[in-house]
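One structure is given below, encoded as structure tokens.
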Amino acid sequence: MLRPDSVYDDSPAERYQFPKQYLGRAQESVGDWIVYLEPRRVPNSRGYYAIARVDDIVPDRSAEGLYLAHIEAGSYLEFANLVPFNDGGGPIERGLLNENGKLSGRAQAAVRPISSADFLSIIDKGLGQFDPILPRSDADPVPNGLSDPLEPFVIESDRQRISHFVSRPVRDRAFRQVVLRAYDERCAFTGLRFINGGGRAEVDAAHIRPVEHNGPDTVQNGLALSGTAHWMFDRGLISLSNDHEILISRQVNDVDSVTSFLNRDGRAIMPKREKDWPHPNFLEWHREHCFKG
């Protein structure tokens, strides 16, 4: 479990800090997939909201008695559909029920094992189908085995099934939905919100730090951008400061024209949830490695 107000030095796409009491359980996850859960008592809890693979676990040299689980680069993936702890018919994690069918004390553990059946059930719900507003009608076709809504398909093993769900096409679609949902399908730089005749959003989900440079598929590494803004952002002609001021490169030969289609106050529109705002580390990477200041 991961609280948004956690006292630990957590960065979901990079590391998870935890006390020694959970070391034994956590070590069992090395090299395997884990699922992230916000506790039910957290206001507006997202429930199960992401998966990732643990690379290794080491003592935290900066904090005595604490350990760090490092997340494998590029493995973190947020769900297109948030999955509640309880779907109305009981907990999604059926393994949390005791012999009397009641919720056991294991549900309170911040780090706990999960069965393959429960894990696959969660990712089926989180990644198995997508909102019909996404993607744009001219986007890549849905990968084999997925459609809207999800149709039954057969995969030979649990390992193959997980590989299917974390394939690049599925990751791209999930990332798009997560980012556009956070930004209300509105371009952060222009404020434009267009829905085409097919009911799909005419806006892109842009990675701030690209995937090919180990940028994770997390909303904090994403921006909802219109086609022109996305093109300029990827080519370093515009960027974003840590306080969300839109920056224009000195290489732009017609600053007035660019300024005219950006938000009048010169600042990007942010998601309602502060936790969904771009992370300063990713913004700094873009300014240092992409922006032609």
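The values are calculated or read from the model by the stated rules, or taken from the named source; none is laboratory data. Quantities reported herein were computed from a predicted structural model and do not represent experimental measurements. Please note: Cβ atoms are built from the backbone with ideal geometry, for glycine as well, and neighbour counts cover all protein chains shown.
Hey, among ARG209, ARG250, which residue is surrounded by fewer than 16 Cβ atoms within 10 Å (Cβ to Cβ) and either of a type outside the set (A, V, I, L, M) or assigned to a helix (DSSP H, G or I) (or both)?
ARG250
Looking for something in contact (Cβ under 8 Å) with a residue 60 or more places away in the chain, out of contact with any strand residue (DSSP E or B) (no Cβ under 6 Å at 6 or more places or on another chain), in the same structural domain as PRO12 (by TED's automatic domain parsing) and not charged (D, E, K, R) - is there at least one such residue anywhere in segment 40-49?
No - not one qualifying residue is present in segment 40-49.
If the Cβ limit is 9 Å and pairs must be 6+ apart or interchain, which residue in segment 275-289 that is in contact (Cβ under 8 Å) with a residue 24 or more places away in the chain and in the same structural domain as ASP243 (by TED's automatic domain parsing) pairs with which residue that is in a helix (DSSP H, G or I) and surrounded by fewer than 14 Cβ atoms within 10 Å (Cβ to Cβ)?
TRP285/HIS213; HIS289/HIS213
When residues of segment 253-272 are filtered for being in contact with a helix residue (DSSP H, G or I) (Cβ under 9 Å, 6 or more places away or on another chain) and either surrounded by fewer than 16 Cβ atoms within 10 Å (Cβ to Cβ) or part of a loop (DSSP other than H, G, I, E, B) (or both), how many remain?
So the count comes out to 6.
Name the single residue, out of those in segment 273-291 being within 17 Å of VAL179 (Cα to Cα) and outside any helix (DSSP H, G or I), that is modelled with the lowest pLDDT.
Out of the qualifying residues, it is ARG273.
Please pick out the residue among GLY266, GLY199, GLY236 that is at pLDDT below 90 and not hydrophobic (A, V, I, L, M, F, W, C).
Testing whether each residue is at pLDDT below 90 and not hydrophobic (A, V, I, L, M, F, W, C) leaves just GLY199.
Please tell me if SER75 is surrounded by fewer than 17 Cβ atoms within 10 Å (Cβ to Cβ) and among the hydroxyl-bearing types (Ser, Thr, Tyr).
no
Yes or no: VAL178 at pLDDT below 90 and within 20 Å of PHE79 (Cβ to Cβ)?
Answer is no for this residue.
Condition first: over 16 Å from SER115 (Cα atoms) and either modelled with pLDDT under 85 or within 29 Å of the chain's Cα centre (by Cα) (or both). Now tell me which residues in segment 91-102 satisfy that.
Across segment 91-102, there are no qualifying residues.
Just name the residue that is farthest from GLY293 (Cα to Cα) out of those in segment 212-247 that are free of Cβ contacts under 8 Å to residues at least 40 places away in the same chain and part of a strand (DSSP E or B).
So the residue we want is LEU225.
Looking at PRO113, PRO84, PRO43, PRO19, which is the one that is farther than 25 Å from PHE165 by Cβ, modelled with pLDDT of 90 or more and not aliphatic (A, V, I, L, M)?
It is PRO19.
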